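Take a look at the structure set out below.
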Amino acid sequence: MAGNFRIETDSLGDVQVADSAFYGAQTQRALDNFPVSGERLPVEFIRAIVLIKKSAAEVNAELGLLTREQAAAIVTACERVMEFSPQEYALQFPLDIYQTGSGTSTNMNVNEVLAYIAQRDCGVTVGANDHVNMSQSSNDVIPTAIHVSALLSVRDSLLPSLRHLQGELEKKARELEDVVKTGRTHLMDAVPMTLGQEIGAWAAQVAQCRERLRSVMPRLAQLAQGGTAIGSGLNAPADFAELFAQRLSVNSMQQFRPADNAFAAIATQDTAVELSGQLRVLAVTAMKIANDLRWMNSGPLAGFAEIELQALQPGSSIMPGKVNPVIAESMAMVAARVMGNDTTIGIAGQSGNFQLNVMLPLIAATLLETIHLLANSAVLLADRAIATFTPKRANIERALARNPVLVTALNPVIGYRRAAEIAKEAYRSGRPILDVAVEMTDIQPAELERLLDPANLAKGGIISRN
């Protein structure tokens with residue numbers, strides 16, 4: 001011991017490590033080598049690696065490669081880490097995202113911490129490389145952890161959040177199915193629709209996003225584990241990959257299986273890129289909903305003012321009484337970040353040079369950040385924007401009554417050109433389309449009221465003359 005430090009040794013020699021640290025020399029070297037961002041890999045990713053180590057230890061014991069005592073000590077250490085507080089994770093897994101591209105530093109960080117705890121708590125000699133990392137390589141552990149952490153995060157966090165958002169949208173659509181408003185194309189007045197139809201379209205978008213995410217999960221469930229260094233499985237038993245997948249499935253309550261081709265699973269991150277692309281679609285959907293809400297809420301006097309979002313906080317440090325659509329703005333910023341993250345992941349996915357992708361920590365961190373942001377924001381959007389906004393019926397009805405595009409319903413009756421003349425006159429004079437149509441056609445007012453009824457127009461189809 002030397003002061004508050006102890007001496008640890010690896011293949012390069014001696015290293016000073018803080019007495020409070022559970023890790024060893026290789027983690028300390030990486031900590032010294034990569035003071036880049038101060039950003040650590042997400043807890044979900046570390047927990048995925050710990051699940052991998054637990055499952056691998058159990059399989060190695062089953063195959064007679066580890067003693068029962070060694071395997072039990074490693075499993076105990078894994079369970080201890082799973083109980084860590086956020087502060088303990090930060091203290092014992094301190095490595096920067098921007099490290100060795102294979103993630104070897106983080107794999108060894110976990111190996112060293114588990115070996116330390118196993119020996120401390122169980123009194124069993126356990127080596128970070130020889131025992132915790134048995135039948136494994138960083139090159140198959142880290143790609144496996146990317147798949148496992150992403151799949152479990154989508155399953156446990158993102159999909160439930162989207163289900164909640166979809167439910168709130170569908171509930172709001174039913175609630176407002178009788179509110180007829182002016183539709184818009186090119187930001188210009190178009191034929192009528194209901195608020196329920198508009199919000200129902202958002203719900204359909206979210207439902208499709210959920211389905212897209214579910215479609216990726218079978219490929220996320222294919223694991224590189226067992227391929228070791230490059231995919232050949234050197235230093236792993238022939239049946240390790242299958243037994244590992246079975247054990248991990250039990251430990252995670254999620255079905256996993258070996259990759260169809262271990263070489264591809266280690267050399268590429270195509271499935272992570274695919275998942276990121278589907279998350280980008282979700283971000284595009286979220287941006288569309290957020291911006292529609294902002295436009296519809298705009299005003300209260302000089303905008304559309306069709307709805308009123310819940311007032312959550314003062315909107316200006318200088319303009320008293322101003323209230324802004326803060327949840328929609330937050331969602332839009334998240335969507336922008338996710339789109340940027342997708343570009344990052346796409347570029348990183350191209351770095352599968354020969355037999356190994358060398359931007360794995362960046363892919364892991366960026367993918368999990370995206371999932372985390374979207375899951376949290378979806379709930380906020382559902383609870384603090386969708387569920388709580390109210391329609392401004394008087395404003396909606398006033399604008400609808402003056403919408404010259406209602407004349408579209410007369411096309412089958414009087415023809416497009418004649419209908420266009422009526423619309424132009426209504427625009428020019430600023431009068432309701434019904435009044436102009438009474439003057440410019442021989443159709444009786446009662447019949448025109450029926451033909452131009454916005455509620456009927458919102459139902460679609462051809463409205464024929466009696």
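Nothing in this text is a laboratory measurement; each read-out follows from the coordinates by a stated rule. Note that the structure is a prediction, hence the values are computed from the model and not measured. Glycine gets a Cβ as well: all are built from the backbone with ideal geometry, and neighbour counts include every protein chain shown.
How long is the gain from Asn251 to Ile7 if the chain were fully straight, where each residue apart is worth 0.36 nm and the alpha carbon distance is subtracted?
84.3 nm
For the chain, what does the alpha-carbon gyration tensor say about shape, rounded, prolate or oblate, given a ≥ b ≥ c as the root eigenvalues, a/c under 1.5 as rounded, and a/b over b/c as prolate?
In terms of gyration-tensor shape, prolate.
Tell me, what is the percent relative contact order of region 5-134, built from C-alpha pairs under 8 Å that lie six or more residues apart?
31 percent
For Asp178 and Ala336, what does the FRET efficiency come to when R0 = 41 Å and r is the distance between their Cβ atoms, rounded to the nearest 0.05?
Efficiency computed from Cβ-Cβ geometry: 0.70.
In degrees from 0 to 90, rounded to the nearest 10, what is the angle of the helix 104-122 Cα long axis to the longest principal axis of the chain?
In the chain, helix 104-122 runs at an angle near 60 degrees to the longest axis.
I want the antiparallel fraction of DSSP beta bridges within the chain, as a percent rounded to 5.
Bridges in the chain are about 90 percent antiparallel.
What length, rounded to one decimal in nm, is gained on full extension from Ala90 through to Glu242, with 0.36 nm per residue of separation minus their alpha-carbon distance?
Net length gain for the segment: 51.4 nm.
Need one number: nm distance between label points at Glu62 and Ile462, each 7 Å from Cα along Cα→Cβ, rounded to one decimal.
6.7 nm
Past the 27 Å Cα-Cα mark, which pairs from Lys181/Lys288; Lys288/Lys392; Lys171/Lys424; Lys322/Lys392?
Lys171/Lys424
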